[in-house]
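Reviewing the structure listed below.
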């Protein structure tokens, strides 16, 4: 069976990847699990949060994304990211300029988030067409002082920051600019390219965690908002009801998705943050985020039965919350 682009299917993840994890060590407090994007390693007094992600579908801002996407995964634990290790894999025709661009972007992004780049690897790799940057970011906290995507409780409200499809919008505006010019004006495309500045969720994740009442957080990457919600529900073994009309979609995202005939709710959404909040605290978290200049919306609620996953459409009709087979970014990128 040929696998689709992007993350491997969850059944293969559980049946193959998670059954081959080497030795068991008592220091591993949170190990690999569906919907959880980092691991936790405990020492006597501290917890070390570690996350790793590759950047493969973006070209112009690959170094910037490598820092921010990985930093987001650590921040969703309520922990500030601190250290970065990277691996740069470059095509055979790469020039010095390519390395300079990637490293400069990583340097600038890391400085903005107070992250130290502490090591890694860089090589020319036969058989690849575009650069690949793999990042691994770590952060530390007092032992046990964190949340995971698996902590949502029945009845928790689901808060979404910013909007759907942020990263996908920026990637398509940058990598398919000439194609988009056929129907979109240049000003809108340039605004869409600036969506990269929205990629970080570190500020909102730390703000929400410190406000209190947060049971779980997750950043929706591949598979978009709907994919991220399913991953969070998987990790917490819960159901969910989402209201489509409450999910913000920026104009640039809507226009680009209309051009490529893709769904913004299934478009890679780094830059948005999903928060599971106790009902009594949800409004307080939304207000605190807005005080920090971060738009936040309550879009649904977690349900007790994990088989009950619903999407209420714009007309108020309740249907199934379908799991994406592949991120819609790949559907757009393969169009001629």
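Before we move on, is residue 12 at pLDDT below 90 and surrounded by fewer than 17 Cβ atoms within 10 Å (Cβ to Cβ)? It is false that residue 12 is at pLDDT below 90 and surrounded by fewer than 17 Cβ atoms within 10 Å (Cβ to Cβ).
Could you tell me whether the range 144-165 includes any residue that is farther than 29 Å from residue 290 by Cα and either under 16 Å from the mean Cα position of the chain (by Cα) or modelled with pLDDT of 95 or more (or both)? Reasoning before the result, please.
The first filter runs over the range 144-165 and keeps only residues farther than 29 Å from residue 290 by Cα, leaving none.
There is no residue in the range 144-165 that is farther than 29 Å from residue 290 by Cα and either under 16 Å from the mean Cα position of the chain (by Cα) or modelled with pLDDT of 95 or more (or both).
Assigned to a loop (DSSP other than H, G, I, E, B), on the phi < 0 side of the Ramachandran plot and in contact with a helix residue (DSSP H, G or I) (Cβ under 6 Å, 6 or more places away or on another chain): does that describe residue 150? Walk me through how you get there before you give the answer.
Values: assigned to a loop (DSSP other than H, G, I, E, B): no; on the phi < 0 side of the Ramachandran plot: yes; in contact with a helix residue (DSSP H, G or I) (Cβ under 6 Å, 6 or more places away or on another chain): yes.
No; evaluated as a whole, the condition is false for this residue.
Of all residues in the range 83-124, those satisfying the criterion of being outside any helix (DSSP H, G or I) and under 14 Å from residue 70 (Cα atoms) are 83, 84, 85, 86, 87, 113, 114, 115, 116, 117. Residue check: residue 56 meets all listed conditions (1) at pLDDT 95 or above; (2) within 23 Å of residue 83 (Cα to Cα); (3) surrounded by fewer than 18 Cβ atoms within 10 Å (Cβ to Cβ) but one, namely (1).
Restrict the check to the range 32-40 and report whether at least one residue is assigned to a strand (DSSP E or B), at pLDDT 90 or above and not assigned by TED's automatic domain parsing to the domain that holds residue 169.
Residues of the range 32-40 assigned to a strand (DSSP E or B): 33, 36, 39-40.
Those still in the list that are at pLDDT 90 or above too: 39-40.
The next check asks that each one be not assigned by TED's automatic domain parsing to the domain that holds residue 169; those that pass are 39-40.
Yes, some residue in the range 32-40 is assigned to a strand (DSSP E or B), at pLDDT 90 or above and not assigned by TED's automatic domain parsing to the domain that holds residue 169.
Residues in the range 247-264 that are touching a residue at least 60 places away in the same chain (Cβ under 8 Å) and part of a helix (DSSP H, G or I): 251, 252, 253, 255, 256, 257, 259, 260, 264. Residues in the range 265-278 that are crowded, with 24+ Cβ neighbours inside 10 Å and either modelled with pLDDT of 95 or more or part of a loop (DSSP other than H, G, I, E, B) (or both): 265, 266, 267, 268, 269, 271, 272, 273, 274, 275, 276, 277.
Within this structure, residue 197 fails the test of being surrounded by fewer than 20 Cβ atoms within 10 Å (Cβ to Cβ), farther than 21 Å from residue 10 by Cα and modelled with pLDDT of 95 or more. A single entry from 285, 294 fulfils the requirement of being buried (at least 20 other Cβ atoms within 10 Å of the Cβ) and either in a strand (DSSP E or B) or modelled with pLDDT of 95 or more (or both): 285. Going through (1) within 29 Å of residue 254 (Cα to Cα); (2) surrounded by fewer than 23 Cβ atoms within 10 Å (Cβ to Cβ) one by one, residue 173 falls short only on (2).
Filter the range 297-322 for residues that are part of a loop (DSSP other than H, G, I, E, B) and either within 24 Å of the chain's Cα centre (by Cα) or touching a residue at least 24 places away in the same chain (Cβ under 8 Å) (or both) and give the result.
Initially, the range 297-322 is screened for residues part of a loop (DSSP other than H, G, I, E, B), giving 304-308, 313-317, 321-322.
Of everything in the range 297-322, those that are part of a loop (DSSP other than H, G, I, E, B) and either within 24 Å of the chain's Cα centre (by Cα) or touching a residue at least 24 places away in the same chain (Cβ under 8 Å) (or both) turn out to be 304, 305, 306, 307, 308, 313, 314, 321, 322.
Per this entry, residue 23 is counted among residues that are outside any strand (DSSP E or B), more than 30 Å from residue 98 (Cβ to Cβ) and at pLDDT 95 or above.
Is it true that residue 220 is surrounded by fewer than 17 Cβ atoms within 10 Å (Cβ to Cβ), touching a helix residue (DSSP H, G or I) at 6+ places or on another chain (Cβ under 8 Å), not in a helix (DSSP H, G or I) and not assigned by TED's automatic domain parsing to the domain that holds residue 55?
Details: surrounded by fewer than 17 Cβ atoms within 10 Å (Cβ to Cβ): no; touching a helix residue (DSSP H, G or I) at 6+ places or on another chain (Cβ under 8 Å): yes; not in a helix (DSSP H, G or I): yes; not assigned by TED's automatic domain parsing to the domain that holds residue 55: yes.
When the stated conditions are applied, residue 220 does not pass them.
The values are calculated or read from the model by the stated rules, or taken from the named source; none is laboratory data. Everything numeric here is computed off the predicted structure, so don't read it as measured data. Methodologically, a virtual Cβ is constructed for each residue, glycine included, from the backbone with ideal geometry; neighbour enumeration extends over all protein chains shown.
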